[in-house]
Every structure is written in structure tokens, then in C-alpha cells.
Amino acid sequence: MRWKDCHPDLLSQSVLHTERTIDEMYFPSLSSDSLMVRDKSQVVSREHNENEKPILVVPNIWISRLGKFVFIAFSTSDDSIRDEIFDVRNITPLQGPGIDIGRILSYQVSSFGHRQANGEFPAPLDIFERSVIQILQEVDEYTSPRRVLRPEIEREQNFMFRISDIREELVMIQEVLHQQLEVFERFIDDYETWDPKIKELLRYDVENSDLTVEMQSDIAAWEEVKNTKTTIQRFQKRVKKIDGDAERVEKRIQDQLNLKRTHISINDARSSLLLGTAVIGFTVITVIFAPLAFMTALFALPIDTLVRNQFLFDRTGGNTDAVERAEPTPTYTARYVGTWFGKCSYHPHQRIHNVSSVPELPYTLIL
């Protein structure tokens with residue numbers, strides 16, 4: 001980046017490239033701010049709680065051939081990659097530039113399936129698989145019948161965002177693998193068609209006893225380069241499997257969240273039914289006992305019209321021992337009370353006047 005700032009000409013700007021994250025590769029037209037936000041929410045970064053979080057990038061390597069010499073340019077902080085690629089002890093004089101380029105590409109592709117950052121982080125696809133399982137476990141715990149709580153909207157949104165983000169990044173990885181496969185297929189086709197040394201190697205079988213050790217090594221090396229196509233296809237198959245698992249988990253999340261909401265709705269409806277039943281019961285009790293309470297209170301008032309129709313009720317029942325202790329109680333006949341009850345029912349606007357000023361007496365209503 002400093003070099004590009006020092007040389008702002010068109011050539012340096014067009015030939016110098018830095019590593020791009022998976023989002024930068026897939027969405028090259030997004031603004032820097034948007035890409036920064038997307039990079040911070042990557043799956044491989046989100047699933048690590050350590051201070052140093054990994055980030056998934058798409059490194060580029062530029063290879064040029066000039067005669068029997070091969071020039072490459074790529075960015076890496078891992079010196080072991082350089083030592084592995086340029087181990088001169090594995091390069092024999094008979095190995096031409098085509099085999100050397102194939103070995104470089106093959107190593108770069110196969111490194112995607114290995115642990116990253118000198119073994120500090122798992123392989124990217126391992127992180128994706130673990131993320132899918134982690135989300136499923138969290139959803140199972142959230143929707144457990146033992147945990148009947150109100151829905152947490154933010155937590156449910158987090159579940160859906162994480163699983164959809166996994167599927168989105170898997171699509172990006174699948175696109176990169178597709179590009180790599182195309183490059184490898186064109187590379188193999190070109191060299192097997194135009195490179196004289198490789199065309200000569202194709203005429204022999206590696207088990208041919210007439211071949212020298214060097215030629216057998218060259219044939220085996222080229223076959224290993226060609227097997228890189230199988231490696232890429234294996235990565236593609238694994239990405240497809242993880243995406244299928246994520247799709248099933250996403251559907252299961254939706255089903256379980258809907259089931260949880262349905263369960264809570266049923267409980268709410270049951271509570272509402274109980275409350276409605278209680279209201280109905282209270283209404284029935286009110287309809288029955290409110291008129292009785294009103295009539296009881298009415299006949300307890302010292303109203304002249306009512307008092308004139310009272311008679312004394314002997315509560316002793318003829319028991320001479322209780323005569324001295326009990327006094328007769330003023331009361332009304334059931335017929336008279338029923339007559340008034342009917343009047344109140346048929347004449348709801350009738351008013352009662354002439355309330356006497358006599359002191360209150362205890363009255364008992366007998367029906």
C-alpha cells in the first residue's frame with residue numbers, strides 16, 4: 001500500500017493488489033465502510049472470543065513464466081509457505097516451469113484445508129461446521145419445554161442472522177473455489193497441449209521400467225498437480241454439505257421458534273379463557289344476589305309503608321325457658337316481600353317516599 005502511494009501511476013495501480021477479504025472479493029462495489037462492517041461480522045471472527053480474531057481472506061498469487069524461469073508475487077506472513085514452495089531440493093533439472101507452477105498452485109489450494117496461522121486456528125470449513133452445530137444447540141436450549149418464557153425478539157433475530165450469514169459466506173467460498181477450479185482446468189489443458197516436456201511425460205506410464213528415476217518423479221509430480229482438481233471438488237462438496245446442514249438448521253430454527261410462539265399463545269388463550277369464565281361467574285353471581293341484597297337493604301329501612309305490614313316473629317318456638325332471653329323479631333311475610341319484589345321488577349322507576357324518622361331496629365327478612 002505504501003508502494004502504491006509512492007507510485008500513483010496507472011501501471012502500479014493496475015498490477016499491485018493487496019489481499020482481499022471474502023466480502024471484498026464477492027462485493028467489490030461496496031463502500032469501505034460497508035465492507036468494514038461486514039468484515040467485523042465474519043463467521044470465523046464471530047465464533048472466537050479471544051482478543052485476536054481470525055478473518056477470512058482470499059490471497060492472490062501472480063505467476064509469470066519467462067523461458068524456464070518462473071516469477072511469482074504473493075503476500076503472506078507465513079515463512080513456511082515460502083520455504084515449502086521454494087524448497088530447491090525438490091526441484092530436479094528435468095522438472096520444467098509447468099510442473100513448478102503446478103506445484104505452487106497445488107500447495108496454495110490445499111492449504112485451505114489445513115489449520116491456519118501456524119496452527120493457531122482451525123481450517124475455515126471446520127469453523128463453519130462448528131458454528132452450525134453451536135447455533136443448533138443454542139436454539140434447542142432456547143426452545144426447551146423446561147424454559148417456558150416469553151419470546152426474546154433480539155435473541156431470535158440473532159439466531160436467524162447468524163445462520164443466514166453462514167449460508168451467505170458459504171456461497172462466497174463456493175464462488176472462489178469455482179474460480180480456482182476454472183483456473184486449474186485451463187492451466188492443465190494449456191500445458192498438456194503446448195508444453196513439450198509435459199507432452200512427452202504423458203506418453204509414459206509412471207510404472208514403466210524404462211523410465212529414469214527423474215522422469216518417474218516428474219510424472220508423479222504432474223499427476224499430483226492434476227489431482228488438485230479433485231481437492232477443489234472435495235472442498236466444493238464439503239461446502240455444499242455444510243450449506244445443506246445450515247439450511248436444515250435454519251428451517252428447524254424457524255419451526256421451533258414458531259412452535260414456541262404457538263405454545264405461548266395457547267397458554268395465553270387458556271389464561272384468557274379462565275379469566276373469561278371467572279368474569280361470567282362473577283356476572284351470574286351479581287345478577288342473582290344483587291337484587292336480593294337490594295331487597296334486603298330495602299326492607300331493613302324504617303319506612304312507614306313497610307313497617308305497617310310487619311308482624312312479630314316468635315323465635316323461641318314455644319320454649320318457655322327462652323322467652324325471657326329472646327324477644328319477638330319484626331319481620332314480613334313471604335307473600336308481602338314477593339309482592340314488593342314484583343313491583344320493583346315491573347316498576348323500575350317507582351320511588352319510595354315518606355321515610356320515617358323512627359330509630360333503626362333490627363329486621364330479619366324471611367323468604
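Structural remarks
- Here the spin labels are modelled as points 7 Å beyond Cα on the Cα-Cβ line, and at N118 and E175 they lie 3.4 nm apart.
- Packing-based order for 102-109, 296-303, 270-277, using average beta carbon neighbours within 10 Å, highest first: 102-109, 296-303, 270-277
- If R0 is 22 Å, the Cβ-Cβ spacing of K229 and I133 corresponds to a FRET efficiency of close to 0.15.
- Note on N51/I285: beta-carbon distance plugged into 1/(1 + (r/R0)^6) with R0 of 51 Å gives a FRET efficiency of 0.15.
- Of K68/K199; K53/K237; K68/K197; K199/K226, pairs whose Cα-Cα distance is over 20 Å: K53/K237
- Taking amide H positions as modeled 1.01 Å from N, with prolines and chain starts lacking one, the residues under 5 Å from F121 and 5 or more places away or on another chain are Q116.
- Spin-label model distance (nm) - R252 vs E214, 7 Å beyond Cα toward Cβ: 5.8
- In this structure, the amide hydrogen of I72, modeled 1.01 Å from its nitrogen in the peptide plane, lies closer than 5 angstrom to those of S64, counting only residues at least 5 positions away or on a different chain.
- Spin-label pair A300/E19, simplified geometry with 7 Å Cα→Cβ offset, distance in nm: 9.0
Bear in mind these aren't lab numbers, they're just calculated from the coordinates by the rules spelled out. Quick caveat, the model's predicted, so the values are computed rather than measured. Counting neighbours? That spans all protein chains shown, and the Cβs are built from the backbone with ideal geometry, glycine included.
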